[in-house]
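Undergrad: Just passing along the structure, written as structure tokens.
The values are calculated or read from the model by the stated rules, or taken from the named source; none is laboratory data. Worth saying up front: this structure is predicted, and the values here are computed from it rather than measured. Quick reminder, even Gly has a Cβ in these numbers, built from the backbone with ideal geometry, and neighbours come from all protein chains shown.
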Amino acid sequence: MSIRRAQPWDLEAMARIAVRAYGPLPSISFLLHTNKDHAPDFIERFFLRNYQMDLGSTAPTKLFMVLTIDAPVHDTPKQVVGFAVWRLRPDQSPRRHPIEVEVLGSEGSCFDPHRSQLTQLKMAEATSRHINNHMELVELAVDPDHRRRGHASLLCKHRMDIAVEDKVPIGVLATDDGPDLYQSLGFDVKEKFIIADQRPGMEEELEFWAFEWDPAGKEQA
Ligand SMILES: CC(C)(COP(=O)(O)OP(=O)(O)OC[C@H]1O[C@@H](n2cnc3c(N)ncnc32)[C@H](O)[C@@H]1OP(=O)(O)O)[C@@H](O)C(=O)NCCC(=O)NCCS
């Protein structure tokens, strides 16, 4: 198994993992709300397009790391089974040159606009309150067939080493399966947030937590 930077040809595998990993999650169900029937196709194209735009950006702020394992068939390429997307702090070097990536056309969104806006506002509030000066873990996913083998932990620990080197704390807004993982890695919970859709007949809430891992704090402890 190994971890390396994603290349343009990895993005489709990442989008396929995103569908399988995020598709069944409460946070995606909350956002899709009344549009769940179109979910798999929409999610795959939505994430693929976002990955293409971020990886191909001429001013890269995000770092895409993939975890690969040997393919089941000899002599075939290694298989991507998980990935992490990091947003670097402005003073951290992205340590890469721009990459040329073709970007899919946009086909509109299946996300509920009201819930998307509520989510963005709450996440912006949590970010400014707790992880404004951090290297941020923006996305983390492992294919459901390859879980509980330490892959996500490896993807995190790999960057925790960089955080120590760069002397920056790591922050993450954790939903779904994330909190147990971050706690197992020694992250500290800063605050719990609730996103509440209060429209009559559509009431629903989604919880998330701001987590931090500060190498400076760990050294002093
Ligand atoms: C969260 C996720 C990335 C974990 O991937 P993974 O490779 O299975 O994680 P690891 O094997 O490294 O897990 C390490 C530890 O984290 C904790 N953990 C991980 N997933 C867990 C889960 N679903 N429930 C409870 N604890 C969990 C356990 O303590 C685990 O150690 P153990 O297996 O010895 O008990 C994966 O479940 C996933 O892709 N989920 C959907 C996407 C998601 O929720 N991402 C996080 C958003 S913030």
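Undergrad: Pick out the one residue from Ser116, Ser109, Ser57 that is within 20 Å of Leu31 (Cβ to Cβ) and assigned to a loop (DSSP other than H, G, I, E, B).
TA: Being within 20 Å of Leu31 (Cβ to Cβ) and assigned to a loop (DSSP other than H, G, I, E, B) holds for just one of Ser116, Ser109, Ser57, which is Ser109.
Undergrad: I've got another one for you. Could you identify the single residue in Leu154, Leu140 that is surrounded by 12 or more Cβ atoms within 10 Å (Cβ to Cβ), on the phi < 0 side of the Ramachandran plot and not in a strand (DSSP E or B)?
TA: Just a single option satisfies the conditions, and that option is Leu154.
Undergrad: Hey, Lys190 hits all of (1) under 16 Å from the mean Cα position of the chain (by Cα); (2) not in a helix (DSSP H, G or I) but one; which does it fall short on?
TA: (1)
Undergrad: Before we move on, is Gly82 closer than 24 Å to Val19 by Cα, in a strand (DSSP E or B) and not polar (S, T, N, Q)? So that I can check it myself, show each step before the final result.
TA: On the way: closer than 24 Å to Val19 by Cα: yes; in a strand (DSSP E or B): yes; not polar (S, T, N, Q): yes.
When the stated conditions are applied, Gly82 passes them.
Undergrad: Moving on to the next point. Tally the residues that are more than 15 Å from Leu25 (Cα to Cα), more than 13 Å from the chain's Cα centre (by Cα) and more than 6 Å from the ligand (Cβ to nearest atom), restricting the search to the stretch 140-162.
TA: So the count comes out to 9.
Undergrad: For the stretch 114-139, give me each residue that is more than 18 Å from Arg89 (Cβ to Cβ), in contact (Cβ under 8 Å) with a residue 40 or more places away in the chain and either in contact with a Lys or Arg (Cβ under 9 Å, 6 or more places away or on another chain) or of a type in the set (A, V, I, L, M) (or both).
TA: The first filter runs over the stretch 114-139 and keeps only residues more than 18 Å from Arg89 (Cβ to Cβ), leaving 114-122, 125.
Retained after the next criterion (residues that are in contact (Cβ under 8 Å) with a residue 40 or more places away in the chain): 114-116, 118-119, 122, 125.
Listed by number, the residues that qualify are His114, Leu118.
Undergrad: Let me ask something else about it. Give the stretch 182-212 a look and list any residue that's within 9 Å of the ligand (Cβ to nearest atom) and surrounded by fewer than 18 Cβ atoms within 10 Å (Cβ to Cβ), or say none.
TA: The answer is Gln183, Ser184, Leu185.
Undergrad: Is it fair to say Val85 is touching a residue at least 40 places away in the same chain (Cβ under 8 Å) and within 16 Å of the ligand (Cβ to nearest atom)? Show your work before the answer.
TA: Values: touching a residue at least 40 places away in the same chain (Cβ under 8 Å): yes; within 16 Å of the ligand (Cβ to nearest atom): yes.
Judged against the criteria, Val85 is a match.
Undergrad: Could you list all residues from the stretch 112-159 that are more than 26 Å from Ile195 (Cβ to Cβ) and at pLDDT below 95?
TA: Scanning the stretch 112-159 gives His158, Arg159.
Undergrad: Looking at the stretch 163-181, which of the residues that are within 12 Å of the ligand (Cβ to nearest atom) and not in a loop (DSSP other than H, G, I, E, B) is surrounded by the most Cβ atoms within 10 Å (Cβ to Cβ)? It would help to see each step written out before you state the result.
TA: Narrowing the stretch 163-181 to residues within 12 Å of the ligand (Cβ to nearest atom): 171-181.
Those still in the list that are not in a loop (DSSP other than H, G, I, E, B) too: 171-174, 178-181.
Working: Gly171: 25, Val172: 27, Leu173: 20, Ala174: 22, Gly178: 20, Pro179: 18, Asp180: 10, Leu181: 17.
Only one residue fits best here, namely Val172.
Undergrad: Further, regarding this structure: Are any of the residues in the stretch 111-130 under 25 Å from Met1 (Cα atoms) and more than 8 Å from the ligand (Cβ to nearest atom)?
TA: No: the stretch 111-130 contains no residue that is under 25 Å from Met1 (Cα atoms) and more than 8 Å from the ligand (Cβ to nearest atom).
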